[in-house]
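The values are calculated or read from the model by the stated rules, or taken from the named source; none is laboratory data. Since this is a predicted model, take the numbers as computed values, not measurements. With ideal geometry, Cβ positions are generated from the backbone for all residues, glycine too; neighbour counts draw on all protein chains shown. Accessible surface is based on the protein model in full, side chains and every heavy atom, while ligands, DNA and RNA are left aside. Shrake-Rupley method; radii C 1.70, N 1.55, O 1.52, S 1.80 Å.
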Amino acid sequence: MKRTAVALAHPNIALSKYWGKRAGGGNVPAVPSLSVTLAGLATTTTVTFDDALAEDALVLNGAPAGGGPLARATELLGRVREAAGLRARALVVSTNDFPTASGLASSASGFAALAVAAVRAAGLDYPAERVADLARRSSASAARSLFGGFVELDGEVARPVAPPGQIPLEVLVCVTTEAPKAVSSRDGMALTAAESPYYAGWLETAPRLHAELRAALLAGDLETTCALAERSALAMHASAFAAGVVYVSGATLDALAAVRALRREGVIAYATMDAGPHLKCLVHARDAARATERLSRTPGVLRVIRAVAGGGARVLPSSPPGASDDEAARVVDAAGPLAEEPPR
Ligand code: PMV
């Protein structure tokens, strides 16, 4: 017997960052974080539980995948099988419509889409919070991609805090390399916790920055939200730096200088960086074209991807009748991430 489901999820960018895990296992972040889910870029994943399969199999962007990616998918599928009392192995086919080395965390949208599709295919009746918890165990930032707009992850719980239109924000992803990241976020966090003399400072600072950023966001204050996001990113990177974990490159710093030059000219533009050398510029939507033009001609910036806040993860019809991501993006998350799209 075969049971199949298709799901779509968008990547997210943390404004207040999570870096470090709580002791005791379970992949629980040490500090709260708040992100924006991005529209227009998506991972689409099909999960088919099939009694005829001997092992789980993963096809990532058209190519069979083994090793770490397959092991992590199998881990999540194992949890779903256990909860549903299923024994069948699964075929997972996952496609990103953005390049993997784009500077956007494909693990966030990837595990969010996988969790939604696996839960649906297994016939589990989980509310979104429970699916987010399943995704969090694989990649903590993935829990945030279950929801649209601005989303908080506090301990084990992910929850939406504001709709996509809360502030007029555009995110400009400045791609600075095509190479995969040198140190995974998992390893970078472990090294920071073990060896950075500033990790304790980060643990103390991050919750305060997060609370201030959350309050600014809820007050609709774009500039303070973005300024605190830059603070959070720099504090995270400073703590990692001191453990020898350096994600930024010369191009990242040149892009940061360009963002700051824009600011001196009166543009509301701030920067954030994750576990890689790409810089994301947080800019007022009215100045996004100008900032894109400036950043595009910054040496070391290969291209700029523009994005705005979007909806949460959701189930798609199993055989979409020519569904495009644009069509999918119009389905907002009002009905909840597990709501099935109406057939067109
Ligand atoms: O989702 P993870 O466990 O791979 O870690 C993500 C860490 C950052 O992207 C650097 C910060 C964040 O909160 O997303």
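Kindly indicate whether ALA14 is under 18 Å from ARG159 (Cα atoms) and either in contact (Cβ under 8 Å) with a residue 60 or more places away in the chain or of a type in the set (Gly, Ala, Ser) (or both). Yes: the conditions hold for ALA14. Of the strands (runs of 3 or more DSSP E) lying entirely inside the stretch 141-188, those carrying at least 1 residues that are under 17 Å from the mean Cα position of the chain (by Cα), away from the ligand (no atom under 16 Å from the Cβ) and crowded, with 16+ Cβ neighbours inside 10 Å are 157-162, 169-175. Residues of the stretch 5-35 that are of a type in the set (Val, Ile, Thr), assigned to a strand (DSSP E or B) and within 30 Å of PRO197 (Cα to Cα): ILE13 alone. Among the numbered conditions (1) within 21 Å of the chain's Cα centre (by Cα); (2) open to solvent by 20 Å² or more (accessible area, probe 1.4 Å), the only one that GLY123 does not meet is (1).
For GLY266, the stated conditions do not hold, so it cannot be described as surrounded by fewer than 16 Cβ atoms within 10 Å (Cβ to Cβ), outside any loop (DSSP other than H, G, I, E, B) and modelled with pLDDT of 95 or more.
Scan (1) farther than 26 Å from VAL171 by Cβ; (2) within 13 Å of the ligand (Cβ to nearest atom); (3) open to solvent by 40 Å² or more (accessible area, probe 1.4 Å) for the single condition VAL28 breaks and write down its number. With (1) farther than 26 Å from VAL171 by Cβ; (2) within 13 Å of the ligand (Cβ to nearest atom); (3) open to solvent by 40 Å² or more (accessible area, probe 1.4 Å) applied to VAL28, the lone miss is (3).
Scanning the stretch 4-22 for residues that are surrounded by fewer than 21 Cβ atoms within 10 Å (Cβ to Cβ) and either in the same structural domain as LEU282 (by TED's automatic domain parsing) or more than 16 Å from the ligand (Cβ to nearest atom) (or both) yields a count of 1. For the stretch 36-59, a tally of residues being open to solvent by less than 30 Å² (accessible area, probe 1.4 Å) and part of a strand (DSSP E or B) returns 10. So ALA57 clears everything in (1) more than 28 Å from ARG306 (Cα to Cα); (2) touching a Pro at 6+ places or on another chain (Cβ under 9 Å); (3) within 16 Å of the ligand (Cβ to nearest atom) except one condition, right? Which one? Among (1) more than 28 Å from ARG306 (Cα to Cα); (2) touching a Pro at 6+ places or on another chain (Cβ under 9 Å); (3) within 16 Å of the ligand (Cβ to nearest atom), the lone unmet condition for ALA57 is (3).
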